[in-house]
Amino acid sequence: MKPQISFMERAIELAEKGMFTVTPNPMVGCVITQGKNILSEGYHAKAGLDHAEIIALKNLTKKVNSNMVMYINLEPCCHQGKTGPCAKAIIDSGIKNVVISILDPNPIVKGKGVKALRSSGINVNVGLCKSEASHINKGFISRITKKIPNVLMKQAISIDYKITNAKNKWISNKESRKDVQFIRAKSCAILVGSQTIIKDNPKLTVRLNKKELGIFEKKRNPIRIVLDTNLELDIDKYDFFNGTEKKIVFNSISTNFETKKNIDFIKVKKNKSGLNLNLILSILAKKYEINNLMIEPGEKLSTSLLSNNLLDDLVLYLCPQIIGKFGIPASSAINNLNSNSIKIESIKKFSNDVRINYKFLSK
């Protein structure tokens, strides 16, 4: 079993090479082995390009024989999309043994890819490294099964739980801020409140180059989203609205589209805490195919997210500063978190800053 696990772990490692470019598709890696040797491998890099299985088959230099095994972290597709069905390509290749981590949650595929392989006499095993495979595609799985993205909230906070510093634009250090860029790059979209735009005038783009990201495809910036309840932001004033990337402005006034700047204004209903965040998440999943949503909130938005149990992940950068009365406090709802609702997934130091990744246990 150990070689099998290592082969699937390699497939998962390959899949993650697509983390910055593959959205809205899932991350998929594939290896073809014989005995203890990997003969070929591939991964899906971008929607519309060859899937992992096709690349691995193209890279295979040996003639297929009955001893070869294909390892894939996600069930192969069996329908015609932007590319052809991978299940048919595997069948046509002559591969007779396939190991799959998890079934594709998409009802168009779920179970059908495996059924097609087995109907053609291929031995198929499902479930190896299931947890790891589910984790890397948690956003895709959430969008398909829950009809909402995986939601991650990021905040830098001081020792006295402040999220802004009147004397300095930044609370976190340079290393932490660079780390945030990797989270942005993984995200399909990034969401902020209108006050963040007014106070900080952020671009919300990925400030890393292709080499730093380790990619060969064109660098992708996340879709930019702002909650502007009363449409108070001037689209000609703020950097947020510059560039050709898609921007979305959720508001309570009107729905219309500004094609020159590629801005969608989407009207949603309000509730007691402001714009209806549940509805916004549903729209982002259904209309915009957002798998992973990153939120960089102020106090009000973070309180709403925590109070309404809308978060899957929380990333806190704890910074060794005492800001005092002039700083804006972090959400008081953070104090209500406990071991029954949240767990620490990882801790990492960036000089004197400490990043803590939390996972919410129920949603």
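Between residues in the range 292-320 that are among the hydroxyl-bearing types (S, T, Y) and residues that are in a strand (DSSP E or B), which pairs lie under 6 Å by C-beta distance while being six or more apart or on different chains? That search, which allows pairs on different chains as well, returns Y317/A156; Y317/D353; Y317/R355.
Could you identify the single residue in V126, V114, V98 that is touching a Leu at 6+ places or on another chain (Cβ under 8 Å) and touching a residue at least 40 places away in the same chain (Cβ under 8 Å)?
Working: V114 fails: touching a residue at least 40 places away in the same chain (Cβ under 8 Å); V98 fails: touching a residue at least 40 places away in the same chain (Cβ under 8 Å).
When all the criteria are applied, what remains is V126.
Only one of these is over 30 Å from Y43 (Cα atoms), under 26 Å from the mean Cα position of the chain (by Cα) and aliphatic (A, V, I, L, M): L227, L233. Name it.
On the way: L233 fails: under 26 Å from the mean Cα position of the chain (by Cα).
Residue meeting the stated conditions: L227.
Close Cβ contacts (under 7 Å, 6 or more residues apart or on different chains) running from residues in the range 30-42 that are charged (D, E, K, R) to residues that are surrounded by fewer than 17 Cβ atoms within 10 Å (Cβ to Cβ) comprise K36/P3; E41/N59.
Could you run through the range 99-111 and say how many residues are over 18 Å from R143 (Cβ atoms) and either in contact with a helix residue (DSSP H, G or I) (Cβ under 6 Å, 6 or more places away or on another chain) or of a type in the set (S, T, Y) (or both)?
Pass one, the range 99-111, residues over 18 Å from R143 (Cβ atoms): 99-101, 111.
The next check asks that each one be either in contact with a helix residue (DSSP H, G or I) (Cβ under 6 Å, 6 or more places away or on another chain) or of a type in the set (S, T, Y) (or both); those that pass are 101.
Number satisfying all stated conditions: 1.
Count of the range 303-348 residues, restricted to those that are among the hydrophobic types (A, V, I, L, M, F, W, C), out of contact with any strand residue (DSSP E or B) (no Cβ under 9 Å at 6 or more places or on another chain) and modelled with pLDDT of 85 or more, is 0. The single condition from (1) out of contact with any Ser or Thr (no Cβ under 6 Å at 6 or more places or on another chain); (2) modelled with pLDDT of 95 or more; (3) under 23 Å from N291 (Cα atoms); (4) surrounded by fewer than 23 Cβ atoms within 10 Å (Cβ to Cβ) that C129 fails is (1).
Looking across the range 183-201, the residues that are free of Cβ contacts under 8 Å to residues at least 60 places away in the same chain and either part of a loop (DSSP other than H, G, I, E, B) or of a type in the set (A, V, I, L, M, F, W, C) (or both) come down to I197, I198, N201. No other residue among I344, I280, I322 is among the aliphatic types (A, V, I, L, M), farther than 23 Å from K178 by Cβ and open to solvent by 50 Å² or more (accessible area, probe 1.4 Å) apart from I322.
Only one of the listed residues (I290, I295, I347) is more than 18 Å from the chain's Cα centre (by Cα) and hydrophobic (A, V, I, L, M, F, W, C). That residue is I347. Taking the condition under 20 Å from L284 (Cβ atoms), in contact with a helix residue (DSSP H, G or I) (Cβ under 7 Å, 6 or more places away or on another chain) and either open to solvent by 30 Å² or more (accessible area, probe 1.4 Å) or outside any helix (DSSP H, G or I) (or both), does V226 pass? The answer is yes for V226. Restricting attention to the range 139-184, the residues that are under 14 Å from the mean Cα position of the chain (by Cα) and surrounded by fewer than 16 Cβ atoms within 10 Å (Cβ to Cβ) add up to 2.
The values are calculated or read from the model by the stated rules, or taken from the named source; none is laboratory data. Computed from a prediction, not measured in an experiment: that's the story for all the values here. Methodologically, a virtual Cβ is constructed for each residue, glycine included, from the backbone with ideal geometry; neighbour enumeration extends over all protein chains shown. For the accessible areas, the whole protein counts, side chains as well, though only heavy atoms, and no ligand, DNA or RNA atoms are used. Shrake-Rupley method; radii C 1.70, N 1.55, O 1.52, S 1.80 Å.
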